[in-house]
Amino acid sequence: MPRKRGITDEMIIDMYKSGMTYKEMELVVGLTSVAILNVIHKHNVPVNRKKYSGRPRINKVNEHFFKVWSHEMAWV
């Protein structure tokens, strides 16, 4: 889907920084959420992952499980 006429990268970044969600921006900009994220990454804008990460985890996860070798890790 092409970008709507007159929408610049700076406008997309300003919308993102103002707290607009990707779904809201899709309608205004005319790009998909992946294309909007590519514009944000192209200009090295820090992404707030906590805000847009989706629903929280249901189960607890040991994120450091594979950092130290163990027999349990080898089994997995």
*Could you please give the count of residues in the stretch 12-32 that are free of Cβ contacts under 8 Å to residues at least 12 places away in the same chain and surrounded by 14 or more Cβ atoms within 10 Å (Cβ to Cβ)?*
2
*Restricted to the stretch 27-46, and to residues that are at pLDDT 90 or above, in a helix (DSSP H, G or I) and not aliphatic (A, V, I, L, M), which residue is farthest from the chain's Cα centre (by Cα)?*
LYS42
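The values are calculated or read from the model by the stated rules, or taken from the named source; none is laboratory data. Here the structure is a predicted model, which is why all the values come from computation and not from measurement. Reconstructed Cβ throughout: ideal geometry from the backbone, glycine too, with neighbour counts over all protein chains shown.
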